[in-house]
1. Consider Ser276 against the criteria (1) in contact with a strand residue (DSSP E or B) (Cβ under 8 Å, 6 or more places away or on another chain); (2) modelled with pLDDT of 85 or more: it satisfies all of them except one. Which criterion is unmet?
2. Just give me the residues in the range 241-286 being of a type outside the set (D, E, K, R) and under 15 Å from Lys225 (Cβ atoms), in sequence order.
3. Kindly indicate whether Glu262 is of a type outside the set (Gly, Ala, Ser), modelled with pLDDT of 90 or more and either loosely packed, with under 14 Cβ neighbours inside 10 Å or farther than 14 Å from Thr181 by Cα (or both).
4. Need a quick list: strands (runs of 3 or more DSSP E) entirely within the range 119-235 having at least 3 residues that are at pLDDT below 85.
5. Please determine, by comparing only the residues of the range 88-118 that are over 23 Å from Phe43 (Cα atoms), in a loop (DSSP other than H, G, I, E, B) and more than 22 Å from the chain's Cα centre (by Cα), which one is modelled with the lowest pLDDT.
6. Surrounded by 13 or more Cβ atoms within 10 Å (Cβ to Cβ) and under 20 Å from Lys179 (Cα atoms): which single residue out of Arg239, Arg190, Arg202, Arg211 fits that description?
7. Scan the range 55-70 and give yes if some residue there is touching a Gly at 6+ places or on another chain (Cβ under 7 Å), over 15 Å from Leu45 (Cα atoms) and either at pLDDT below 95 or surrounded by 17 or more Cβ atoms within 10 Å (Cβ to Cβ) (or both), otherwise no.
8. If I go through the range 76-87 residue by residue, how many of them are assigned to a loop (DSSP other than H, G, I, E, B) and surrounded by 21 or more Cβ atoms within 10 Å (Cβ to Cβ)?
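The values are calculated or read from the model by the stated rules, or taken from the named source; none is laboratory data. What you see is a predicted model, and the numbers here were worked out from it, not measured in a lab. Glycine gets a Cβ as well: all are built from the backbone with ideal geometry, and neighbour counts include every protein chain shown.
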Amino acid sequence: MKNRHHFAHKSESACSKETYLHKMAKELICTTIKKHFLTRKPFLLAYPVREKCVSNAGLIPAFECSTRSFRTIDLSKVFDLAETEREAGGFRADILLRSSVDRQKRLLIEVAVNHRCSEAKKRSGLPIVELNLESEEAVEKIASGFIDARWEHPRVSTYNFNDVRLTNKCSGACVQGRKVTVFMAFKNGRQIIKEVDLWTLRRLQGNDDIRFIKWFSVWEESNWKALVDEGRKLGVVLRNCRNCKHFEIVEDGQSRILYCSEVGPIKSSRRGMGCSMFFPSPEMDREHSQ
C-alpha cells in the first residue's frame, strides 16, 4: 500500500481546511522541487504561449495571425534554489524559485485554496504560477513533478510569462479570405474606397500610380478625419464631404443626418470623392495651416 504524504493536525477548529491545505501544499511542493534540484531530476512546467505568424509581418498589424500553443520547460535546468515565504520584488511568495548563477531568474509559485493571487501581485511583472488546489489529491498530483498550465488549465494559472513564439508555419495562408477597407488617391486625381483581400492590398502597395493609400481593418465614418490629416501632410486634397464647405451635420433630435447644402441629405460623406461641387472647406485649410 502506497504511503500518502500528510501533515498531522489536531482538530478542524485549531487548523482550518484552508490553512492545512495551504501549508501542506507549500511544504510538500517545495520539498519535492528541492529534491528534484539536488538530483537533477526533471520538474516540468507546461504553460501556454502564443505563436505569431510572421509571413505577413508589417502588412496589417490588426490581422496578425496567432494561434495558441504551449511550451514545456524543466525547472531543474533553470533554477537550483527553492524556499517558502520569501520576498521578491516587494511581494512575499509562497514558494520562490531562484538561480544561484543568475539572480535575475526567479519564479513565484502561489498556492490558492480560497484566496487567489492579488491583482497587485499579478501586475507586478513577476513571473507567477498560481496553483488552485482544493484537496490533498490535487496537491500530490502537482508534487509529482509536472505542473500543467496548458490551455488555461482550471487548476493552474500563469502570469507575466509573455511568451510569443514567432513562426512561419502557415506561409501566409493565415490571411486567405480576410478583407480590409482601403482608400486610394491616384496621381490622376481619382479616389477610390473599396473592400479588398490582403493579397490585393499587398499588390496595391506596390502600385506606382497610387499617390496615397490607407487601409482599415474596421471601417468607420470617423476614419475620414485621419485620412484628411494624412493626405494634407502629403499635399493631397481628399475629396470627402467632411472637408467640403457645403457639408454639415443636422441633428433632428433622434439622429445625426449628413447634409449637403447643395444637394440635401446624403447617405455617406464619401460621395465627395466623385462630386462635381466639391470645394475644400476654408476652416479645414486654416486648421492645417496652424
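1. Checking Ser276 against (1) in contact with a strand residue (DSSP E or B) (Cβ under 8 Å, 6 or more places away or on another chain); (2) modelled with pLDDT of 85 or more, the one that fails is (1).
2. Of everything in the range 241-286, those that are of a type outside the set (D, E, K, R) and under 15 Å from Lys225 (Cβ atoms) turn out to be Cys241, Asn243, Cys244, Phe247, Ile249, Leu258, Ser268, Ser269, Gly272, Pro280, Ser281, Met284.
3. Working: of a type outside the set (Gly, Ala, Ser): yes; modelled with pLDDT of 90 or more: yes; either loosely packed, with under 14 Cβ neighbours inside 10 Å or farther than 14 Å from Thr181 by Cα (or both): yes.
Yes: the conditions hold for Glu262.
4. Result: 164-167.
5. Out of the qualifying residues, it is Asn114.
6. On the way: Arg239 fails: under 20 Å from Lys179 (Cα atoms); Arg190 fails: under 20 Å from Lys179 (Cα atoms); Arg211 fails: under 20 Å from Lys179 (Cα atoms).
Criteria check complete, one pass: Arg202.
7. yes
8. Number of matching residues: 1.
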